[in-house]
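Here is the structure we will look at.
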C-alpha cells in the first residue's frame, strides 16, 4: 500500500487506501458543495428496483453468507465469519484472482507470516505513523474517532440548519433511527449564520487533512462534545491501528499483526530476484489476512479488523518510462475515469477513455499502471461486477505520497457510496530503500551495462583494521551512515578532513548521535569510476485488493428480487464464482430417485463442478427459491420421467426457464456454461423447452 | 483438537496434538528401552539413498521453497515464509484437500477469524491450561523449556555413561556439532550406577506427565543446570502458548490469536445446523492459520509459531454407535496400525489390517473414526506420501482426554522421526457443552421423536417477575446455574426448600459465589414429562491436519538424487501437487522459437495447467536439472524441428526419458497425466521415443 512521506498524510492515506471510504463519500461528494447523496444512497438492483439495504443484509445473514464472529458470546465489533456460501464465494474469487493475475502473468506468489517484528514496521513507518486520532469522554469512558466525531457533529448541525431554514432534507432512515435510539443531544433545529455554514462546509471538505492538533482546535472552537451525553471530551490522542503482541517467552521481542502483506513481500525481494534468474521486471503476489485495530468499526464487511487482501508488487526499472511488454493487449480497453482535475473543481463527472489514449495523453502516468488498471477492470467484470458501478478515481495531489507519480483506486458503487476496493499505486523505490538502508541487505538490481559508464565520484575509504576495534557492535551502523552520505556532503567533509584532521558525522543511535572520525580511520577522495554494472532500486507498482470489500459489493451488484415479491431474493452471481453451480432436486423422497441423484452428483464432482442436493420435503418451488438466494445458477429436477427415460429438466436461476434433455446433454450444457463457453441463451436455443408451474 | 480434561494432560495433549512429536520420538521409542533411534534417523530416499538432511534443506532454500521470515532483519525463530514453489505446492495441497474432503463429502466450510476474545478461550480451557513450563537462568537471561531441558540433560548423561562403559553410541553428527559449538558443560564421561540409569530411563519414559512441581523436583533432585554455563536455574513457571493482544482502542478487551480453528467452528454450530436444514450428521471444515508462541522453536517447519491448519469437525449423534453412511466404501482399505497395547508393552510393531476388521474387533472405536482414518490415508497417498512411511498410532490411555473414546494420529516418518501430521480425535460433546453452559446458546440438536418419551423429572420454576428485579444483570447467570442442577441435587433442594423456606446454590461470579433463593422466587417439583422432541449435544470427531508438517514430510518422501551425483537432486512430486506441471524450454533464444513458446503457454493456461518458461542461456540439461529440483514433472523442448513440423519433445522428470510427437498429442498427453488418467509408462508406450544427450 501507498507509503507516503508526510506524517499527517501517512496515517491518512494508509488508512484510506483500503479501509475507509470516508474521503470518497464525505470530502469529495459532500464537502465540495454536493449533497451527501452517496452516503445516503439506497440500494438499486440490476433491474432498477430500489431496495432497503437491510432486506439484502437480512437475507445474507439468513443464508449464512456471513455473520458476526463469536455470536454466542455477543460478537466482537469488526469481526465477521463467512458461512458455507460466503466461504465458497471467497474461495472462488481467490481462485479466479490467482488464475487471472498470478498464473496469467507468471507472478511469484509468496506466503509470508502475519506476525511481524517491531523493527520491520518501525522502518516502514507504520509504528510511528499508522494511527488515527481518538477522543475519550472521561465520564462515560466512551472513545470516539476524532475526525468522524467532528464530521458527524458538523453534518448534524448543517442538517438542522437546513431544516430550520425550511429546506428539504434527504433523510437516511437507518441513521435517523440510530440517532433516536441514542437520544442524540446535539441536534437542535438551530439556524446558523451563512458564514458559519460556509466554514463548516470548508472544514468538512478537508476533514482528512487535520492532524491531532488541528482536530483539537476544531473541537474547542466549535464546542464539540459527546453527542449522546453532551459531556466534554479529552483532547485527541494518536491511536496506532496495529494489533500488538509479543513474540517468544521473554517478552522482549515486541511484534505486530501485519497491516498489509506488502512488507513481507519487499523483504523477500532479493530471493525472488534470484529465483527469477535476475530477470526484470517481475511481480510478486500474496494472498492473506491483514489486521487493523479500527477504533470503531462500522459498515459491516466494509470496515473490519481482520480482512483478506490480495496484493501484487510489480518491480520495474524506474528508467525507460515504466513500459509494459503486454500493454498492447489492453490498449483498446475503455475505462471509466474520474480524474484529478475534475475532483479539484468539486465535480464528479467521469470520462470514458481507452487505456492507450489515457497513457499517451499522460492522464495515466505510465504503461505499467495503465496495464494494471485494465487488468483490474477485466477481473471485476469476470467476477460479475456491474460495469455501470465501476470507476477508477485518480488520487489528488494531497492524497498521494510525495514520491508517487500517480495513483488510482478502483471504486465500486454500493449503498454506502463509492467504495475503494482496489488501490493501484506507484510506491516508487520507497520501501526497498528504507529496508536496504536499515539492514544493509542488497534489495536492489545489478544489471550488466551494454557500454561501460565513466564518471567522477567522491569515494570514502574506511580503515577496516581500526574501524572494528573502535566501534565494535556499532561499526555496521557507522559504515551504513557513511555510505549514505551525499556527494555534496562528501566533498565538504573531504575539505574538513584536510583542514581539521577529523570530521563529525550523524549516526542515529550511536553515542550522542554524532561520531567523530579521524584521518587514520577514513579517507575521502574524488576518483574517476568506470562502471560495468548498473545498480538500481526498482520502483513498485502495487495493485492491492480488499477481497472482503469486493465480496460485499458483489452482493449488492448481484442482488435483485422477483417482480412484486421482495421476499423472493435472487443473487445473480456468474457461474464462474457462484458458491454452488448446480442444485439437484429429486421431486420427492421416493426411493427410485436416489440412484439418479447419486450418479449426477458423482459425475459433477468428477468434472470439478460443485453441486448440492436438496432432498428436503419442501416443494420444488421453495427449494429453488432458497437456492436463488444462495446464487446457485442451475437446477436439475429428477422426476418420474427421469426414472423412465433418463432425461432431466435444467432450470436457469435468472429467467426461471427450463429445458429438458438426456443426462449427457444436461451435464454437457452445465459444464459449458460453467466454463463460460455457452450462455443460458445458447443452451435454451438448442435444447427443448420444458414448461411447468413452479409450485410454491 | 483434542481438549482433554485433566489440567496436566490438557496442556500436554494440546501441545502434542499438532506441534510436538516429542512424545512420539522420545517417550515411546526411546524411553521404553529402545535406543533413541528415530530421533537420530537419517534421511533415506525413495531409492534407498542415505542422505544428510542438510543436503535436502540447502536445496529447498536455494530453490526458494521456504526460508526464514524477515531474513534481512536476521529472521525470527519459528517463522518461515514460503517462496513461489513452496507457496504453489501449499496451494495445490489445499486444493486437493478441499476436493477430497469438503466437496466429496458436502462439508460446510467456514472461515472464522483468528482474533479471538479472551472469554471464548477461557471457556475452552486454553487460557488456563494451554501452557508449557519454562525455566529462566537469572544470570544469562536464557529461557529453557523445562521438560526439554530435563530430557536433554538426562539423555546426555545416559550417553556419557554408555561411552564410559565402552558401549557403542549412535552419534547424531548434527546435534553433536551443535553441542560442541555451545561448549556444553554437562556432558562428562561419568559412569552412572545401574539404579540411576534405570531411574533416568523411567523419567524419560514419562517426561510428558510431569507438571511444574514435578519438573521442579526433578531439576533439584538431579541437579540440572544451564547446560552451557552450569548456572543455577529459577524454578519452572507456566508460560501460556497463545499470542495475546488487545482488541479495540480502550485496551479492555483482551484477545488472543487462535491456537486452533476448532473453537471458531464450534461457535457457528447453531447456524450451520440451520443451514443444513437441521439434518444430522454433518461436518464443518476450516482452512486457516493458527498460532502458538513456542518457547524455543526448532526442527524447521515442524515446530513453528504460525502455521496453516485444515480442520474438520464432524458432528454426530452420540447414540447409535457413531455409524457412518459411507463406511462400506472404505471397509476393505488396509491401514498400518500401531495400537495402544503394543506401545504399552514398550514395542513399536505395526499391523496391517482392514478398516472393516479394525472396527468390528473394536480396535478402532467406531465407524466414523475408521472412515476418516481411511480417507486420511487416501489423501496422503494421493499427494505423494510414501506408503511405507505412513502409520496410524493410537493414543495411549494417559495421552487422551478422559472423555475420548479413541484417538489416532496419522504419522509420517522423516529424518526427525515419526511425525504426527494429522490428529484424528473424538472430542465427545465437550466443547459444545462448555460453550452452551457458558453462554446459554442452543448448541445442541432437537430431533422429533418417532414415539413420545414419558418420564419423571424434577423441575424448577422461577418467579420471573421477582427474579429480574432481585438479581438484575446477574439474573441470567443465576438462571443458568439453576438449569445446570442435577436431578439428585434438585431432589435434595426441594426438601431443603420445604424445610427452611429457602435454599442456597453455587453461582460462580455472583455475590460470594453463593446465592440464597427464597420460596417466593423458586419452586421445585417432581413431574411427569412427555417428550416429543429429543435434545442432544452432538459428539465431534475431529481430523485435524498440520499442513506445514505434511508439506515438510512430503519434501523428504519425494527427494532423491541422480545416481552418483548428490548435487543433482530431484523432487518427485505427483503431477497433481507439483508446483509447476510443465517446463517450456526453447533450445536457444533464437527468435523463431518465441511464438511456439507463447502458444504452448497460452494453451496450457487455457487447460488450467501451470507452466513456466525457462529461456535463459543455460544448457538444456542445466535447465532441466534446475526444474528437477523444483519438482516439475514434465518438460517440453522447442527446437528447430519444432519450427519445421510443429512436433516437440516431452521429457519425464523421474526417468529423464523423452518422446516426440505433434503439438496436440503432447498437450493431450500432459493433460491426461496431470489429471491422473495416464502415467508416463502409458504415454511412453504409445508415443515414439526420442533419444538425445542432455548436455550439462
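The values are calculated or read from the model by the stated rules, or taken from the named source; none is laboratory data. Everything quoted here is computed from the prediction, not taken from an experiment. Glycine gets a Cβ as well: all are built from the backbone with ideal geometry, and neighbour counts include every protein chain shown.
Here are A:586, A:579: which of them is in contact (Cβ under 8 Å) with a residue 60 or more places away in the chain and under 24 Å from residue A:649 (Cβ atoms)? Show your work before the answer.
Working: A:586 fails: in contact (Cβ under 8 Å) with a residue 60 or more places away in the chain.
Exactly one of A:586, A:579 is in contact (Cβ under 8 Å) with a residue 60 or more places away in the chain and under 24 Å from residue A:649 (Cβ atoms), namely A:579.
Identify, by number, the condition in (1) more than 12 Å from chain A (Cβ to nearest Cβ); (2) over 18 Å from residue B:691 (Cα atoms) that residue B:666 doesn't meet.
Here residue B:666 meets the rest and fails (2).
Could you list, in sequence order, the residues of the range B:43-100 that are more than 7 Å from chain A (Cβ to nearest Cβ), surrounded by 22 or more Cβ atoms within 10 Å (Cβ to Cβ) and outside any helix (DSSP H, G or I)?
Of everything in the range B:43-100, those that are more than 7 Å from chain A (Cβ to nearest Cβ), surrounded by 22 or more Cβ atoms within 10 Å (Cβ to Cβ) and outside any helix (DSSP H, G or I) turn out to be B:65, B:66, B:78, B:80.
Somewhere in the range B:562-569, is a residue over 30 Å from the mean Cα position of the chain (by Cα) and closer than 30 Å to residue B:282 by Cβ? Before the answer, list the steps.
If we filter the range B:562-569 for residues that are over 30 Å from the mean Cα position of the chain (by Cα), which is where we start, we get B:562-568.
From the residues that got through so far, the ones that are closer than 30 Å to residue B:282 by Cβ too are none.
No, the range B:562-569 has no match at all.
Look through A:274, A:294 and report the one residue that is within 11 Å of another protein chain (Cβ to nearest Cβ), out of contact with any strand residue (DSSP E or B) (no Cβ under 6 Å at 6 or more places or on another chain) and surrounded by fewer than 21 Cβ atoms within 10 Å (Cβ to Cβ). Working first, answer last.
On the way: A:294 fails: surrounded by fewer than 21 Cβ atoms within 10 Å (Cβ to Cβ).
Of the residues listed, the single one that is within 11 Å of another protein chain (Cβ to nearest Cβ), out of contact with any strand residue (DSSP E or B) (no Cβ under 6 Å at 6 or more places or on another chain) and surrounded by fewer than 21 Cβ atoms within 10 Å (Cβ to Cβ) is A:274.
So residue A:250 clears everything in (1) within 10 Å of chain B (Cβ to nearest Cβ); (2) out of contact with any helix residue (DSSP H, G or I) (no Cβ under 9 Å at 6 or more places or on another chain); (3) at pLDDT 95 or above except one condition, right? Which one?
Of (1) within 10 Å of chain B (Cβ to nearest Cβ); (2) out of contact with any helix residue (DSSP H, G or I) (no Cβ under 9 Å at 6 or more places or on another chain); (3) at pLDDT 95 or above, only one is false for residue A:250: (3).
Mind listing just one residue for me: the one in the range B:141-170 that is assigned to a loop (DSSP other than H, G, I, E, B) and free of Cβ contacts under 8 Å to residues at least 60 places away in the same chain and, of those, nearest to the other protein chains (Cβ to nearest Cβ)?
Narrowing the range B:141-170 to residues assigned to a loop (DSSP other than H, G, I, E, B): B:141-142, B:165-170.
Those still in the list that are free of Cβ contacts under 8 Å to residues at least 60 places away in the same chain too: B:141, B:165-169.
Working: B:141: 7, B:165: 37, B:166: 40, B:167: 37, B:168: 38, B:169: 32 Å.
Residue satisfying both the conditions and the ranking: B:141.
May I ask you to list the residues in the range B:367-398 that are assigned to a loop (DSSP other than H, G, I, E, B) and either at pLDDT 95 or above or crowded, with 21+ Cβ neighbours inside 10 Å (or both)? Before you say what the answer is, go through the steps one by one.
First, the residues of the range B:367-398 that are assigned to a loop (DSSP other than H, G, I, E, B): B:384-386, B:395-396.
Listed by number, the residues that qualify are B:384, B:385, B:386, B:395.
For the range A:449-464, does any single residue satisfy the condition of being in a helix (DSSP H, G or I) and either modelled with pLDDT under 90 or closer than 27 Å to residue A:117 by Cβ (or both)? Let's see the steps before the verdict.
Step one: list which residues in the range A:449-464 are in a helix (DSSP H, G or I), which gives A:464.
Within this subset, residues satisfying the condition of being either modelled with pLDDT under 90 or closer than 27 Å to residue A:117 by Cβ (or both) are A:464.
So far as the range A:449-464 goes, yes, one or more of its residues are in a helix (DSSP H, G or I) and either modelled with pLDDT under 90 or closer than 27 Å to residue A:117 by Cβ (or both).
Listed here are the residues, each with its yes/no results for (1) more than 14 Å from chain B (Cβ to nearest Cβ); (2) surrounded by fewer than 22 Cβ atoms within 10 Å (Cβ to Cβ); (3) modelled with pLDDT of 95 or more.
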| position | (1), (2), (3) |
| --- | --- |
| A:587 | yes, yes, no |
| A:618 | no, yes, no |
| A:622 | no, yes, no |
| A:630 | no, no, yes |
| A:647 | yes, yes, yes |
| A:653 | yes, no, yes |
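Could you tell me which residue of the range B:399-413 is surrounded by the fewest Cβ atoms within 10 Å (Cβ to Cβ), considering only residues that are modelled with pLDDT of 95 or more and farther than 15 Å from residue B:340 by Cα?
Here the answer is B:413.
Taking residue A:660 as meeting all but one of (1) buried (at least 17 other Cβ atoms within 10 Å of the Cβ); (2) in contact with a helix residue (DSSP H, G or I) (Cβ under 6 Å, 6 or more places away or on another chain), write down the number of the exception.
(2)
Checking the structure you have, find out if any residue of the range B:499-506 is crowded, with 16+ Cβ neighbours inside 10 Å and part of a loop (DSSP other than H, G, I, E, B). Break it down into steps so the answer makes sense when it comes.
Keep residues of the range B:499-506 that are crowded, with 16+ Cβ neighbours inside 10 Å, which gives B:503, B:505.
With the extra rule that they be part of a loop (DSSP other than H, G, I, E, B), the set shrinks to none.
No: zero hits.
If I go through the range A:238-247 residue by residue, how many of them are in a strand (DSSP E or B), crowded, with 18+ Cβ neighbours inside 10 Å and more than 7 Å from chain B (Cβ to nearest Cβ)?
Of the residues in the range A:238-247, 1 are in a strand (DSSP E or B), crowded, with 18+ Cβ neighbours inside 10 Å and more than 7 Å from chain B (Cβ to nearest Cβ).
Okay, residues lined up against (1) out of contact with any strand residue (DSSP E or B) (no Cβ under 8 Å at 6 or more places or on another chain); (2) modelled with pLDDT of 90 or more:
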residue	(1), (2)
B:180	yes, no
B:191	yes, no
B:202	yes, no
B:221	yes, yes
B:226	no, yes
B:241	no, yes
B:264	no, yes
B:269	no, yes
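The conditions are (1) more than 21 Å from residue B:385 (Cβ to Cβ); (2) more than 13 Å from every other protein chain (Cβ to nearest Cβ); (3) surrounded by fewer than 21 Cβ atoms within 10 Å (Cβ to Cβ), and residue B:322 fails exactly one of them. Which is it?
Going through (1) more than 21 Å from residue B:385 (Cβ to Cβ); (2) more than 13 Å from every other protein chain (Cβ to nearest Cβ); (3) surrounded by fewer than 21 Cβ atoms within 10 Å (Cβ to Cβ) one by one, residue B:322 breaks only (3).
Go through the range B:101-140 and give me each residue that's over 30 Å from residue B:211 (Cβ atoms) and more than 8 Å from chain A (Cβ to nearest Cβ).
B:101, B:102, B:105, B:107, listed by residue number.
Could you grab the pairs with beta carbons closer than 6 Å, sequence gap of 6+ or different chains, first residue in the range B:420-445 and within 13 Å of another protein chain (Cβ to nearest Cβ), second one in a strand (DSSP E or B)?
Between residues of the range B:420-445 that are within 13 Å of another protein chain (Cβ to nearest Cβ) and residues that are in a strand (DSSP E or B), the close pairs are B:444/B:535.
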